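Heads up: the structure comes next, in structure tokens.
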Amino acid sequence: MANCIKLASDELNVLLLDAVGRLVADGKVPAQPIPAFKIEIPADKTHGDFATNLAMVSAKAFRMPPRNIAALICEALVLDGSCFERAEIAGPGFINLFLRRKWFSDVVKNVLEEKENYGKTSTGAGKRALVEFVSANPTGPMHVGNARGGALGDSLAEILLWAGYDTQREFYINDAGNQIEKFATSLEVRYLQHFDPSIEMPEDAYHGADITEHSENFIAEFGDKYVNADAKDRRDALVKFALPKNIAGLERDLKKYRIVYDNWFSESTLHKNGSVKNIVEQLTAKGYTYEQEGAVWFKATEFGADKDFVLVRANGIPTYIVPDIAYHYDKLVTRGYDKAIDILGADHHGYVPRLKAALTALGVDAGKLDVVLMQMVMLMRDGEVVKLSKRSGKAITLVTLLDEIPIDAARFFFNTREANSHFEFDLDLAVEKSSQNPVYYVQYAHARICSIIRNLEEEGVSVSDEDKSLLDLLDKPQEIELIRHIATLPMEIDAAAKTYDPSKITKYATELATLFHKFYDACSVKRAETPELMRARLVLCGAARQTLCNTMRILKIDCPEKM
């Protein structure tokens, strides 16, 4: 898996250090440690393909002006046999480096050799990463926030895989605690109401049609068997009947959204196997708890949290955070993941430092836990906020959203902004077939490339390995810019993996589509000046198609060959 930009950057680093070594050997600069310097890619390509501030940061050590140092370095640089053609001095002492034409040809060849693996890197070095996302409450349907979290988490997991991490996706099922108690109450009341309509549903219970449907289905199977049964037995039976159906529904709906989890982890297992109790016992044994008014508190402020918090209430029931601590302890210690990544709503911002404080107290490296906080989504139609489904008159869920817009649009749109930014989802734009719709724009670029290749194949023109030798003919600015962008895919994948930001990939895909359209408009393939140039451009089209397809695969978006 070759990263042509990284290879060039690494080679330049060696060339620069060798040049300084020659200057020291010749007595032209003093033998001083070289300060840390940067090798960057200039935004303005007239300033070179790479630039370095080596001369500027060395001014103090070498006791001379940066431009003088830059002149000496340029004179001492040996570029023969490298991928660099020339060096220039700019501004106060920057050194700009320009790549040989061959480097651009090698980029295209590399894409065509690696094919569906192009863009993958080994940066993660096989480290084990667990991405937990959505984890919607199993007591009801998924909402639009889960739709954003699903697209974000699934794409992030795929990016980490491409960046060389051994990655798994996990859904945490909250099948214990207050929500399940409320679920049980709601089911119980609806069940009993069937036989005695005078029974009232508590105001804070779940009033959805799904609760009524579950209770009626339960009656169809069990009749009045549980009307006079022990309340605990009745509630347990109702939950045992309804909860698996809800979880199966979550799994089904997420599969429709192209999300398949490696693990479905139940909170209840942490209670059953003693993990929740063990957390409190461990923290107490280490001296990090105290009692106050019958409750057990954790000394969270000793570990950087803003305040101490309750672990076990006075009634002996653990607070919601204790199973969460046990869950993350299980991830990082019991199962030994190198990195645990959670996608959570922005309302969890105060929860994260408390969770990390507890993990630190337990002797776990809290730096192994990273939390991506995700802002709210507003659905827009005709410039106005949409809160209800036209069909049902209820809040729009993941399923109703996917009934209205294509899955490709949902997955792409939800990844066009960083997770921590508020997002307005334009429902009208998502179904529009125009260049204003970003996913349509990118897919159209892929279909356009396929059309060019298909039309020429019908005329008997197809690419062979020998045609790769013609790539040095590509020297127009639009050709070079397209190749340069193709070369950055491995770098963008690494950057997206490092920052947990799939929007870098949607931006990359959009820019790639833009550069291909510019190339297509300026550089005719079919009507190229010579047959050799036509074939060279056809080879480039193949590399652009492969790169675009790989990028869309990361986002799990279809690559249509016709539109």
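Brief remarks follow.
- Selection status of Val333, open to solvent by less than 60 Å² (accessible area, probe 1.4 Å) and in contact (Cβ under 8 Å) with a residue 12 or more places away in the chain: no
- So Asp465, is it under 20 Å from Cys4 (Cβ atoms), out of contact with any Cys (no Cβ under 8 Å at 6 or more places or on another chain) and surrounded by fewer than 17 Cβ atoms within 10 Å (Cβ to Cβ): yes
- Options Ala125, Ala151; residue that is touching a Leu at 6+ places or on another chain (Cβ under 9 Å) and not polar (S, T, N, Q): Ala151
- Every pair of residues 6+ apart whose Cβ atoms lie under 7 Å, when the first sits in segment 337-348 and is at pLDDT 95 or above while the second is of a type in the set (A, V, I, L, M) and open to solvent by 30 Å² or more (accessible area, probe 1.4 Å): Asp342/Val371; Leu344/Val371; Leu344/Leu373
- On the stretch given as segment 392-419, residues that are at pLDDT below 95, open to solvent by 20 Å² or more (accessible area, probe 1.4 Å) and under 21 Å from the mean Cα position of the chain (by Cα) total 0.
- Members of segment 475-493 found to be open to solvent by less than 40 Å² (accessible area, probe 1.4 Å) and part of a helix (DSSP H, G or I), listed by number: Glu479, Ile480, Leu482, Ile483, Arg484, His485, Ile486, Ala487, Leu489, Pro490, Ile493
- Segment 217-272, residues that are part of a loop (DSSP other than H, G, I, E, B), buried (at least 17 other Cβ atoms within 10 Å of the Cβ) and touching a residue at least 40 places away in the same chain (Cβ under 8 Å): Tyr257, Arg258, Ile259, Tyr261
- From Ala326, Ala314, residue being of a type in the set (A, V, I, L, M, F, W, C) and surrounded by fewer than 18 Cβ atoms within 10 Å (Cβ to Cβ): Ala314
- Residue check for Thr123: assigned to a loop (DSSP other than H, G, I, E, B), open to solvent by 50 Å² or more (accessible area, probe 1.4 Å) and among the polar types (S, T, N, Q): yes
- Within segment 1-17, if we keep just the residues that are touching a helix residue (DSSP H, G or I) at 6+ places or on another chain (Cβ under 8 Å) and part of a helix (DSSP H, G or I), the residue that is surrounded by the fewest Cβ atoms within 10 Å (Cβ to Cβ) turns out to be Lys6.
- Filter result for the condition that a residue is modelled with pLDDT of 95 or more, touching an Asp or Glu at 6+ places or on another chain (Cβ under 9 Å) and of a type in the set (Val, Ile, Thr), over Val131, Val107, Val111: Val131
The values are calculated or read from the model by the stated rules, or taken from the named source; none is laboratory data. Keep in mind that this is a model prediction, so the values were computed, not measured. Heads up, the Cβs are rebuilt from the backbone with ideal geometry, glycines too, and the neighbour counts pull from every protein chain shown. The protein model used for the area step is the full one, side chains on, heavy atoms only, and it has no ligands, DNA or RNA in it. Shrake-Rupley method; radii C 1.70, N 1.55, O 1.52, S 1.80 Å.
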